[in-house]
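Enquirer: Before I ask anything, here is the structure I am working with.
The values are calculated or read from the model by the stated rules, or taken from the named source; none is laboratory data. These figures come from a predicted structure and were not determined experimentally. Ideal geometry is used to build each Cβ from the backbone, glycine not excepted, and the neighbour counts take in all protein chains shown. To get the accessible areas, we keep the full protein, side chains included, count just its heavy atoms, and leave off ligands, DNA and RNA. Shrake-Rupley method; radii C 1.70, N 1.55, O 1.52, S 1.80 Å.
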Amino acid sequence: MGIQGMELFAIGVVIILFVAVLKQFGILEPMSLEDDSSDSELELSTVRHQPEGLEQLQAQTKFTKKELQSLYRGFKNECPSGLVDEETFKTIYSQFFPQGDATTYAHFLFNAFDLDRNGSIRFEDFVIGLSVLLRGSVTEKLNWAFNLYDINKDGYITKEEMLLIMKSIYDMMGRYTYPSVRDEAPSEHVEKFFQKMDRNRDGVVTIEEFIETCQKDENIMNSMQLFENVI
């Protein structure tokens, strides 16, 4: 797989796998035409965390009222406490990739959704991230992808960070990767990634370099349009 293909996979896999997980576990259920007043207020009496009001979430996302209601019904069915912890995230992904090890990838993806860095994903975190992935502009989606790769959140992607991400993807795919991946393959992809992205050759990729390079890549731009009508 060439550098363009790897970039496309590394960015697209975030959206494809996450949406697949949501659908499998009933969180992305078909839109209901019924208006549930309790859901519309987004309140539960037994949850550990009660999400923000519906109007506020509408303002923060690109989902309609009925879409938010449907998403919330699925979310509370799978997460009665109103929170998702990292172990639950890892368990879900391990069921999708039994031949590989999805632990590290799930950890990185969890951190990208855990906006408050408190070790749990709230419904607000969930829908805000999902709104970006499914309804956001190309720039918003690329910002989200950059945040995933920027593991320590210092505003730069280093070779070490990108190597960890690439290895986690290969580990997750496991025996489904064909032909089998050579041990040095992730490092080679990282070197090609930096040759293309690191415009000033300072050893790190900034958000500006990342977005500018991706926007000039037709394959990546096409991939950003594939997921806009998922829900």
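Enquirer: Ordering 189, 107 from largest to smallest accessible area (1.4 angstrom probe), what's the sequence?
Expert: Per-residue accessible area, sorted high to low, gives 107, 189.
Enquirer: Strictly over 27 Å apart at the Cα level, which of 62/167; 90/196; 90/159; 65/141; 141/192; 153/216 would you flag in this model?
Expert: 62/167; 90/196
Enquirer: Another one. For labels at residue 187 and residue 58 in the simple 7 Å Cα→Cβ model, what's the distance in nm?
Expert: Reported label-point gap for residue 187 and residue 58 is 5.5 nm.
Enquirer: Right, something else. Rg (Å, one decimal) plus Dmax (Å, integer) for the alpha carbons of region 66-117?
Expert: 12.5, 38
Enquirer: At 0.36 nm per residue, and after removing the present C-alpha to C-alpha distance, how many nm does the segment from residue 104 to residue 116 gain when stretched out fully?
Expert: Fully extending the segment from residue 104 to residue 116 adds 2.3 nm.
Enquirer: How much solvent-accessible surface does residue 97 expose, in Å² to the nearest 10, with a 1.4 Å probe and all protein chains in place?
Expert: 20
Enquirer: Separate question: Please work out how much accessible surface residue 184 shows to a 1.4 Å probe, ignoring ligands, DNA and RNA, in Å² rounded to 10.
Expert: 90
Enquirer: A further question on this structure: Give the carbon-plus-sulfur fraction of the accessible surface of region 43-170 in %, rounded to a whole number; probe 1.4 Å, heavy atoms of protein chains only.
Expert: 49
Enquirer: Over region 44-134, what relative contact order in percent results from Cα pairs under 8 Å that are six or more residues apart?
Expert: Reported as a whole number, the value is 34 percent.
Enquirer: Separate question: So, taking all protein chains as they sit and a 1.4 Å probe, how much accessible area belongs to residue 96, in Å² rounded to tens?
Expert: 70
Enquirer: Could you state the accessible area per residue of region 44-143 in Å², with a 1.4 Å probe and every protein chain left in place?
Expert: Here the residues of region 44-143 average 43 Å² of exposed surface.
Enquirer: Please give me the summed charge of the neighbours of residue 159: other residues whose Cβ is under 11 Å from its Cβ, Lys and Arg +1, Asp and Glu -1.
Expert: Surrounding charge for residue 159 is -4.
Enquirer: On to the next question. Put 134, 163 in order of accessible area, largest first, 1.4 Å probe: what do you get?
Expert: Result, largest first: 163, 134.
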